[in-house]
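Q: Dropping the structure in here first, questions after.
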There are 4 protein chains.
Amino acid sequence: MTSGTPDAEIMVARAQMSETRRPTVAALEAILQIEHRVLDHGFVRVIDYMGDDGAIVQAARVSYGRGTKKVSEDRALIRYLMRHWHSTPFEMCEIKLHVKLPIFVARQWVRHRTANINEYSARYSILDREFYTPSREHLAAQTTINRQGRGAVLEEEQAARVLHLLREDAERSYATYRQLLNDPDDPDHDADRTGLARELARIGLGLSTYTQWYWKTDLHNLFGFLRLRADPHAQFEIRIYAELIRDIVRQWVPVSCEAFEDYRMNAVSLSAAEADVVRKVLAGTTLSRPQNISTREWSEFATRFGIIGA
Amino acid sequence: MTSGTPDAEIMVARAQMSETRRPTVAALEAILQIEHRVLDHGFVRVIDYMGDDGAIVQAARVSYGRGTKKVSEDRALIRYLMRHWHSTPFEMCEIKLHVKLPIFVARQWVRHRTANINEYSARYSILDREFYTPSREHLAAQTTINRQGRGAVLEEEQAARVLHLLREDAERSYATYRQLLNDPDDPDHDADRTGLARELARIGLGLSTYTQWYWKTDLHNLFGFLRLRADPHAQFEIRIYAELIRDIVRQWVPVSCEAFEDYRMNAVSLSAAEADVVRKVLAGTTLSRPQNISTREWSEFATRFGIIGA
Amino acid sequence: MTSGTPDAEIMVARAQMSETRRPTVAALEAILQIEHRVLDHGFVRVIDYMGDDGAIVQAARVSYGRGTKKVSEDRALIRYLMRHWHSTPFEMCEIKLHVKLPIFVARQWVRHRTANINEYSARYSILDREFYTPSREHLAAQTTINRQGRGAVLEEEQAARVLHLLREDAERSYATYRQLLNDPDDPDHDADRTGLARELARIGLGLSTYTQWYWKTDLHNLFGFLRLRADPHAQFEIRIYAELIRDIVRQWVPVSCEAFEDYRMNAVSLSAAEADVVRKVLAGTTLSRPQNISTREWSEFATRFGIIGA
Amino acid sequence: MTSGTPDAEIMVARAQMSETRRPTVAALEAILQIEHRVLDHGFVRVIDYMGDDGAIVQAARVSYGRGTKKVSEDRALIRYLMRHWHSTPFEMCEIKLHVKLPIFVARQWVRHRTANINEYSARYSILDREFYTPSREHLAAQTTINRQGRGAVLEEEQAARVLHLLREDAERSYATYRQLLNDPDDPDHDADRTGLARELARIGLGLSTYTQWYWKTDLHNLFGFLRLRADPHAQFEIRIYAELIRDIVRQWVPVSCEAFEDYRMNAVSLSAAEADVVRKVLAGTTLSRPQNISTREWSEFATRFGIIGA
């Protein structure tokens, strides 16, 4: 996890230490407010958090009542809850992040509806001249395996041409934006021309333009976000945010995050028919595709279990 | 706000002080973990919180961007947000409560869906012998004004009879519950009899039995809860919880809570037709009921504005 | 699926046929409005629905765009969506049910928050004299395997005693309720006594009392409800409702329901460590518990796959 | 409400008539599937709906119980529910729309989280060459009254220049997009060049590019959408969609929509302090600003009530 240089305002925020009776997590306090850089201009900053691994246990034990406390250790209980899909105890932790991200990433992110968002408004304010340009190694062709995602990386000459086109368009769009705004504070301000309303001037800006928001969610829903967005099928540009946030979660609630990775993130789901196949093989039968599994599903199954020549 | 005597476990939790870089609210820290008593056996305890009035301003300013900061004061901004129904900045604060409450109150409470709940489970654990009995001054007849709510308080003799019946039934149901459970730890345990499963033994318990839960929600949704449940039309037994929580919120985010009380809780909504009436009176016309307001609505309007003989 | 005798009002509702340009499902139209009986006094009635299997495909294809339509068949697409956790297309179908159920079942049901509910209000109206009594074969002891659920069925004599106690208490509570209400329409009305407010009179009623509501949810969230509540670990009294609703869903969206049962309901989730075990066995290694799987988890694993002596 | 020419596929969908026992609304059936044009390339199509005004009454009466039915008329009940903030009965109606809209409008729209969305995916499919260009009368300067919204319309010459810039940039971005994709079906396909992955090629497209989605929501949340987005403070480009949808809702549930317009959309909210002012004026006192109302609020108050020289 690389960290950017905190600016003056962040330094001030970090310097303010208070006493609290709430649960605190030292590892997370250590990185509070700091900008963790993502992509070329993006970042993730932890602004605040509520609860820790212990808070999950505490909430779960209201539903289990007295007595359980002595029997189970905290770790075993958390893993039991995760394994058996008890989601409400994980909702008892909450985290608030400040994120800077390209608009096309924001458009995927916002589909996770059980979260609170305050986004920078281009109706009120002027956007900075910052847009995302992929690094060369991420410029890939459309995959040929399915209809979605990336395949082979472009050759050097072609990649250079792509980057040139993306940059040129982004710069031209931004120049048009400032020209339309004709803001009095701009060095190129033309006093003879009326500026266009901000809410209209921005409509020609590209989807690669950076925006930022405060994003707050509970741990259960954050796990749901990570399962979909830290997955290899997610688009690279959102996945890299998700992976960084997963690293943060590991520091915040290490026991819960490990359970999540074991029982959700890296778990494998067997369909009813696939479970029957596994049952038979565990009982000594030779592996073979049954009729109720299509060849496409069988190929997905073989891939997941590294079966050669299935 | 009266407070119960914290027991040993709460004393330990309160003694644990840590340093944090997060925003803290001294007035709320002072009452963290403490049981605030409600009804005869209920309580509300603040377990944790995230954010303060400043956190609302901070989140809102992401959407307002640079510049605004110098112009508006925090208080003016919070009041502006509340007045113009900007709800997302208030979602940036979160509070977690431990509440003990009668089941019939819990059934009303749970209808506020945008909250996280972990409830004590009577499938796993045995419920305590605690049930709600109204105090004498709250024993009232059905109101005759509408189909819902309470009217005149019962006379002493009748009230005594009602209390006797409620107590007797609650005690008998609880005795049956323990008998059905036939728990090995019970003094009356009968070794010759099998105990009934907990999930079944409890079905005869009354709705006045106390349960408890951890309840966590954001400030915007908490205001929604307060607007409906601290309202005079809410049933007394949930209203008294809501009023206590409103007192807690006043200590937590005093500026936001004041704005909520001014622009929501104590605000008055005029229908399109009523607004026209007020417009005319402000312009000097004499007050009279227009045809597009029914007599029932007119009577509600007169009541809200203390108009006599309207 | 047994069906109750529709009363006059239902007969009228069923007789009203209209023409529509919306998708319709003949199998569901055939049972619309009819009461399907559950437990001793409960029922489930389908009131309305939106969409069918085709509506899921149609919505998904907005996100896939033109072209796909020719390649994939509808069934393959629906199964692909289910297998790869694409939940939004399933949210495009909606169903509305009228359900009569005991209050302790309603308390579990309402924890599924992404649904719309209108419940019969005991603040406004008087509840009927109907409460749930388990049938003899469902009277079971607390299980000894875990802290939750039922074990062996009670012997006849003990069962009879339990039923007697449950019935006696429920009848007494209901008699008290009517006495407290002292409703003018009651044959036993005592004109010398004031009736207690409805919202208070009901607090002594047992959790086995029946209530009813209109419940509306989308297909994705309905599947979530079914996965948890039609599961063998769910309490029998809610499971039997869930199973009936699953039967209804099979008639409504047969392809989606089959995919749900194959990839969710009857699927088996392997933890990261368990998946490694299966991978090794599929590659020819002998089955044995690795160190990173606890004995408790290993025993759960063995049970799920019918492994003897693992 | 102007309607576009339905294409062949829509004609087929409209021709399919079925019989149903569900409530139907003739006025809505008449426009089902038809494209209602919005902006230069957008549209709104009603795909499906559930319920009518009667369904709201039916659901509400579960909570009122028997007896009420005879007393209140449906219209009075619906207006009572709206006036007293009973939201759950309105959640019992649902509507599904197919909408084509510019991305910057979609970004505002999606903030209404309690809705179901399936959006056309530019990771899977290629976007059409369609982008929004404001008509000349909507090209306005930034307002000088507050930080948000539009002021005076631009003069002809300046407007022409703005339109030229917006169109030129949008066309160039789209040309770059197709060049990056280098799709084999394109007439300009260059066989010597690898196409860029779709998920990357689209990042330079402007926010004015059109997207489309299926959007489904219940009536209560739709009213929430309309209150904010059909409001004069909403950006013109989303407001025009909201106004069209409000026209559709008027045809679907006329009684509820009228109640919504009377008690929400066109209602006026008085703060506690403002209500006191009105109370005093209604009692005969002369109008004047009390100390607890700031000059800014007083000016907002005067504007809402058309008070001159307040």
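Q: Under the rule of at least 5 residues apart or a separate chain, name every residue whose amide H is placed under 5 Å from the amide H of residue A:270.
A: Result for residue A:270 returns C:268, C:269, C:270.
Q: Which of rounded, prolate or oblate describes region D:9-110 when judged by the alpha-carbon gyration tensor and an a/c cut-off of 1.5? Numbers along the way, then the final one.
A: Values: a/c = 3.30, a/b = 1.66, b/c = 1.99.
Because a/c hits 1.5 or more and a/b fails to exceed b/c, region D:9-110 counts as oblate.
Q: Using amide H atoms built in the peptide plane, which far-off residues or other-chain residues are under 5 Å from residue A:211 H to H?
A: A:101, A:103
Q: Still on this structure, I have one more. In degrees from 0 to 90, rounded to the nearest 10, what is the angle of the helix A:156-181 Cα long axis to the longest principal axis of chain A?
A: Roughly 60 degrees between the two axes.
Q: Now for a different question. Would you mind estimating how fast the protein assembly as shown diffuses translationally, via Stokes-Einstein at 37 °C and 0.692 mPa s with the Kirkwood radius over Cα pairs, in µm²/s? Please report the intermediate quantities before stating the final value.
A: Details: Rh = 33.1 Å.
Taking Rh from Cα pairs, D becomes 99 µm²/s.
Q: Let me ask you something else. Determine the share of chain A's accessible area contributed by carbon and sulfur atoms, expressed in whole percent, with a 1.4 angstrom probe.
A: Details: 6220 of 12650 Å².
Roughly 49 percent of what the probe reaches on chain A is carbon or sulfur.
Q: Can you tell me, using C-alpha contacts under 8 Å and at least 6 residues apart, the relative contact order of chain A as a whole percent?
A: Numbers: 360 pairs, mean separation 66.2, N = 310.
Normalised by residue count, the contact order of chain A is 21 percent.
Q: Per residue of the protein assembly as shown, what 222 nm ellipticity follows from adding -39500 (n - 2.57) for every DSSP H run with n ≥ 4, rounded to the nearest 500?
A: On the way: 52 runs with 524 residues, N = 1240.
Computed ellipticity for the protein assembly as shown at 222 nm equals -12500 deg cm²/dmol.
Q: From the square roots a ≥ b ≥ c of the eigenvalues of the alpha-carbon gyration tensor of region A:48-202, which class results: rounded (a/c under 1.5), prolate (a/b over b/c), or oblate?
A: Details: a/c = 4.21, a/b = 1.82, b/c = 2.31.
Oblate, because a/c is 1.5 or more while a/b does not exceed b/c.
Q: To continue, here is another question. Which whole-number percent is the relative contact order of region D:137-206 (Cα, under 8 Å, 6+ apart)?
A: Values: 54 pairs, mean separation 15.0, N = 70.
Once divided by the residue count of region D:137-206, the mean separation gives 21 percent.
Q: At what distance in angstrom do the alpha carbon centres of region B:233-310 and region C:145-211 lie from each other?
A: 40 Å
Q: Then there's this: Looking only at C:48, C:190, C:276, which one moves most when chain C is put into a Gaussian network model with springs between Cα atoms under 10 Å?
A: Evaluated over chain C, the most mobile residue of the options is C:276.
Q: Rounded to the nearest 100 Å², what is the sum over both chains of accessible area buried where D meets A, with a probe of 1.4 Å? Provide the component values of the computation, followed by the final result.
A: Numbers: alone 19390 and 19370 Å², together 33250 Å².
Chains D and A together bury roughly 5500 Å² of accessible area.
Q: Provide the net charge surrounding residue D:190, with neighbours chosen by a C-beta distance below 15 Å and charges set as Lys +1, Arg +1, Asp -1, Glu -1.
A: Working: positive: A:161, D:178, D:193; negative: A:155, A:157, D:183, D:185, D:186, D:188, D:192.
Overall, the nearby charge balance is -4.
Q: Hey, for residue D:284 with labels 7 Å out along Cα-Cβ, what do the inter-copy distances come to in nm, ordered shortest first?
A: For residue D:284, the other copies' label points sit at 1.9, 10.4, 10.5 nm, shortest first.
Q: Go through region D:219-228 residue by residue and turn each phi into a ³J(HN,Hα) via Karplus (6.51, -1.76, 1.60, θ = phi - 60°); whole Hz please, and just put x for glycine and proline.
A: 5, 4, 6, 5, 4, x, 4, 5, 4, 7
Q: So, one more: Using Cα springs under 10 Å in a Gaussian network model of chain D, which residue among D:21, D:123, D:229 shows the largest mean-square fluctuation?
A: Comparing D:21, D:123, D:229 in the GNM, the peak value goes to D:21.
Q: With respect to the cross-link table entries B:96/D:96; A:96/B:216; B:216/C:216; A:216/D:96; A:96/B:96; A:216/D:216, which display a Cα-Cα separation exceeding 27 Å?
A: Working: B:96/D:96 36 Å; A:96/B:216 15 Å; B:216/C:216 25 Å; A:216/D:96 29 Å; A:96/B:96 15 Å; A:216/D:216 25 Å.
Pairs exceeding the cut-off: B:96/D:96; A:216/D:96.
Q: Also, I was wondering about something else. Please report the net charge: other residues with Cβ closer than 10 Å to the Cβ of residue D:264, K and R +1, D and E -1. Numbers along the way, then the final one.
A: Values: positive: D:83, D:227; negative: D:261, D:262.
Net of charged neighbours comes to 0.
Q: In whole Hz and in residue order, list the ³J(HN,Hα) couplings for region D:45-62 that follow from phi through the Karplus curve 6.51 cos²θ - 1.76 cosθ + 1.60, θ = phi - 60°; x for Gly and Pro.
A: Each residue of region D:45-62 in turn: 10, 7, 9, 7, 8, 10, x, 8, 3, x, 5, 5, 4, 4, 5, 4, 6, 4 Hz.
Q: Follow-up. Taking residue D:100 as the anchor, which aspartates and glutamates have their alpha carbon closer than 13 Å to its alpha carbon, excluding any fewer than eight residues away along the same chain?
A: D:35, D:40, D:119, D:128, D:130, D:237
Q: What is the Å³ per residue value for the convex hull set by the Cα atoms of region A:257-310? Before the final figure, lay out each step's value.
A: On the way: hull volume 5.1 nm³, N = 54.
Once divided by residue count, the hull of region A:257-310 is 94 Å³.
Q: List, shortest first and in nm to one decimal, how far the label point of residue B:151 (7 Å from Cα along Cα→Cβ) is from its counterparts in the other copies.
A: 5.4, 6.2, 8.0
Q: I've got another one for you. What percent of all Cα-Cα pairs in region B:133-207 falls into each 10 Å bin, going from 0 up to the bin containing the maximum distance?
A: Histogramming region B:133-207 at 10 Å steps yields 18, 30, 23, 18, 10, 1 percent.
Q: Could you sort the residues of region D:7-31 by number and keep only those whose accessible area is reduced by 50 Å² or more in the all-protein-chain setting relative to the chain alone, 1.4 Å probe?
A: D:17, D:18, D:19, D:20, D:21, D:22, D:29
Q: Ordered shortest first, which distances in nm separate the 7 Å Cα→C-beta label point of residue B:247 from those of the other copies?
A: Output for residue B:247: 4.8, 5.3, 5.5 nm, nearest copy listed first.
Q: Indicate the gyration tensor shape class of chain A (rounded, prolate or oblate), computed on the Cα atoms with a ≥ b ≥ c the square roots of the eigenvalues: a/c under 1.5 is rounded; otherwise a/b larger than b/c is prolate and the rest oblate.
A: Oblate is the answer for chain A, as a/c is 1.5 or above yet b/c matches or exceeds a/b.
Q: Just C:149, C:206, C:54 to compare: in a GNM of chain C, with alpha carbon springs under 10 Å, which one fluctuates most?
A: Among C:149, C:206, C:54, the largest GNM mean-square fluctuation belongs to C:149.
Q: Please turn the phi angles of region A:9-19 into ³J(HN,Hα) values with the Karplus equation 6.51 cos²θ - 1.76 cosθ + 1.60 (θ = phi - 60°), one per residue in order, whole Hz, x for glycine and proline.
A: 4, 5, 4, 5, 4, 5, 6, 7, 9, 10, 8
Q: With the other protein chains left in place, how much accessible area per residue, in square angstrom, belongs to chain D at a 1.4 angstrom probe? Don't skip to the end; give the middle numbers.
A: Numbers: 12680 Å² over 310 residues.
Heavy-atom accessible area per residue stands at 41 Å².
The values are calculated or read from the model by the stated rules, or taken from the named source; none is laboratory data. Everything quoted here is computed from the prediction, not taken from an experiment. Because the Cβ atoms are built from the backbone with ideal geometry, glycine has one as well, and the counts that use them run over all protein chains shown. Quick note on the areas: whole protein, heavy atoms, side chains included, nothing else; ligands and nucleic acids left out. Shrake-Rupley method; radii C 1.70, N 1.55, O 1.52, S 1.80 Å.
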